[in-house]
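Student: This structure is in structure tokens; I'll ask about it shortly.
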Amino acid sequence: MARPRRSDVIAAIATAPGRGGIGVVRVSGPQLDGLATSLTGRQPVPRVATLANLRSADGSTIDRGIVIFFPGPHSFTGEDVLELQGHGGPVLLRMLLGRCIELGARLAEPGEFTRRAFLNGKLDLTQAEAVADLIDAASEQAVRSALRSLSGAFSVAIGELQERLTDLRLRVEAGLDFPEEEVDTPQAADLLARLAVVRETLNEVLAKARQGNLLRSGLQVVIAGQPNVGKSSLLNRLAGEERAIVTPIAGTTRDALRESILIEGVPLHVVDTAGLRDTTDQIEEIGIERSWREIDRADVVLHLVDARDGWRHADDAIAQRLPRGVEHVVVANKIDLAQVDSFRELRDGRVWIGLSAQTGDGVALLQAELLRAGGWRAGIEDSYLARERHLQALQATASFLGQAQSVAGEWELFAEELRLAQSALSEITGQFLADDLLGEIFSRFCIGK
């Protein structure tokens with residue numbers, strides 16, 4: 001996205017596509033009172049909902065609706081903002097938008113309203129991103145986390161870290177500026193104690209951000225294993241409905257089947273895959289290749305085995321081919337047929353869950369294990385709906401602070417690591433961020449936001 005032309009008047013339909021009882025066209029830019037007067041035939045009254053006829057160029061009525069005028073800088077974007085609330089017919093809204101364009105507006109780019117709010121200092125970048133996250137939230141917990149970020153809670157936490165780092169840098173650099181006053185042992189101990197506090201605070205923020213990222217992005221879970229171990233039955237059990245075809249015939253599943261579910265508000269994107277085995281069936285072979293592609297993208301692999309047969313030689317081959325870093329949970333299915341109770345055990349460094357996809361016995365153990373594997377921590381209620389770039393910046397900050405700890409005593413190097421840590425932290429709120437990254441962030445917003 002190109003850098004916005006901030007003198008432009010922009011307009012867009014702000015409500016979702018389709019028919020509805022109400023539709024909203026939003027306009028932002030300088031000196032909109034003239035546009036509003038041409039559209040309604042009267043001077044707009046600031047921040048007062050006014051019933052008016054919305055007129056075309058020839059004076060005929062396009063619609064009759066509510067007009068609200070927010071003069072800048074006291075508006076969402078910091079510019080004059082005009083909201084036109086009419087009936088929610090798609091054709092009618094396009095006519096109304098077209099009239100705004102006739103009066104000098106241009107069609108807004110995706111996320112341009114929120115981008116202008118950021119550039120005009122109405123929101124920082126974490127709050128701007130929270131606007132889109134609030135719209136896309138998939139659970140009540142995600143909504144609450146997005147609202148916390150939108151209200152500035154995440155920004156405040158980052159700001160407090162910045163203040164602690166600034167104070168620490170000032171203390172170190174004061175000693176560097178006056179070399180005759182060398183950093184003595186008590187001063188060094190104080191600096192390291194302050195660094196420890198910063199690192200501890202950062203770890204708390206990072207834990208809350210990881211929780212929020214899990215709420216936002218969810219967990220990619222792939223069900224894998226040999227044919228006829230009950231993969232499709234487990235998908236159906238987790239989904240709570242018959243989503244996959246289940247038969248005793250090996251190789252029934254030929255392609256990946258996806259289902260999204262919620263466990264304690266955490267989205268899980270569960271993928272049922274074709275049974276992994278050597279085959280001469282060309283169609284089944286394609287399905288198996290796709291299964292491995294899904295496994296390569298997984299956060300967690302549920303490796304199913306039949307509880308009656310246990311771990312077999314073919315399961316060794318599957319386990320050896322799993323990508324490094326992926327969580328590997330072995331699920332012993334069909335415990336009802338094996339006549340054993342549900343269980344959670346650690347065997348040879350792997351977590352084993354015993355369950356029955358048919359009866360549901362032990363499924364709660366699996367759900368709890370999935371949350372654990374995803375990094376979910378019960379009791380963290382004030383998480384921030386963080387994005388991957390936030391986590392990367394926080395992790396980079398943690399790395400630089402760890403480096404500072406390791407070079408304590410070499411105070412010039414210590415100060416440089418603190419500077420790098422503060423720079424990484426500044427990327428979160430957008431204090432220092434490249435224009436191309438801003439374009440990437442806002443291009444993912446919907447038009448009208």
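The values are calculated or read from the model by the stated rules, or taken from the named source; none is laboratory data. Model, not experiment: these values are computed from the prediction. Methodologically, a virtual Cβ is constructed for each residue, glycine included, from the backbone with ideal geometry; neighbour enumeration extends over all protein chains shown.
Student: Which residue out of 88, 21 is touching a His at 6+ places or on another chain (Cβ under 8 Å) and under 28 Å from residue 150 (Cβ atoms)?
Tutor: 21
Student: Yes or no: region 43-51 includes at least one residue that is crowded, with 19+ Cβ neighbours inside 10 Å, not assigned by TED's automatic domain parsing to the domain that holds residue 428 and not hydrophobic (A, V, I, L, M, F, W, C).
Tutor: Yes: one or more hits.
Student: Among what's in region 120-142 and is surrounded by fewer than 18 Cβ atoms within 10 Å (Cβ to Cβ) and modelled with pLDDT of 85 or more, pick the residue that is nearest to residue 430 (Cα to Cα).
Tutor: Of everything passing the filter in region 120-142, 121 is nearest to residue 430 (Cα to Cα).
This table checks each residue for (1) of a type in the set (Val, Ile, Thr); (2) surrounded by fewer than 17 Cβ atoms within 10 Å (Cβ to Cβ); (3) in contact (Cβ under 8 Å) with a residue 60 or more places away in the chain.
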{"residue": "273", "(1), (2), (3)": "yes, no, no"}
{"residue": "288", "(1), (2), (3)": "yes, no, no"}
{"residue": "302", "(1), (2), (3)": "no, no, yes"}
{"residue": "313", "(1), (2), (3)": "no, yes, no"}
{"residue": "345", "(1), (2), (3)": "no, yes, no"}
{"residue": "349", "(1), (2), (3)": "no, yes, no"}
{"residue": "354", "(1), (2), (3)": "no, no, no"}
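Student: Can you name the residue in region 356-407 that is buried (at least 17 other Cβ atoms within 10 Å of the Cβ) and among the charged types (D, E, K, R) and, of all such residues, is farthest from residue 424 (Cα to Cα)?
Tutor: 369
Student: Go through 310, 375, 360 for me and flag whichever is at pLDDT 80 or above, assigned to a loop (DSSP other than H, G, I, E, B) and under 27 Å from residue 262 (Cβ atoms).
Tutor: 360
Student: State whether the residues of region 112-130 include one that is closer than 25 Å to residue 263 by Cα and out of contact with any Asp or Glu (no Cβ under 8 Å at 6 or more places or on another chain).
Tutor: yes
Student: Scanning for something crowded, with 22+ Cβ neighbours inside 10 Å and under 20 Å from residue 135 (Cα atoms), does region 77-100 turn up at least one residue?
Tutor: For region 77-100, residues crowded, with 22+ Cβ neighbours inside 10 Å and under 20 Å from residue 135 (Cα atoms): present.
Student: For the subset of region 320-342 comprising residues that are part of a loop (DSSP other than H, G, I, E, B) and either among the small types (Gly, Ala, Ser) or buried (at least 20 other Cβ atoms within 10 Å of the Cβ) (or both), which member is modelled with the lowest pLDDT?
Tutor: My answer is 325.
Student: Can residue 58 be described as surrounded by fewer than 21 Cβ atoms within 10 Å (Cβ to Cβ) and farther than 30 Å from residue 151 by Cβ?
Tutor: Taking the combined requirement at face value, the residue satisfies it.
Student: Right, something else. Take residue 402 and decide whether it is under 24 Å from residue 220 (Cα atoms) and not hydrophobic (A, V, I, L, M, F, W, C).
Tutor: Judged against the criteria, residue 402 is not a match.
Student: Turning to a different aspect of this structure: Yes or no: residue 317 at negative phi, surrounded by fewer than 16 Cβ atoms within 10 Å (Cβ to Cβ) and not in a strand (DSSP E or B)?
Tutor: When the stated conditions are applied, residue 317 passes them.
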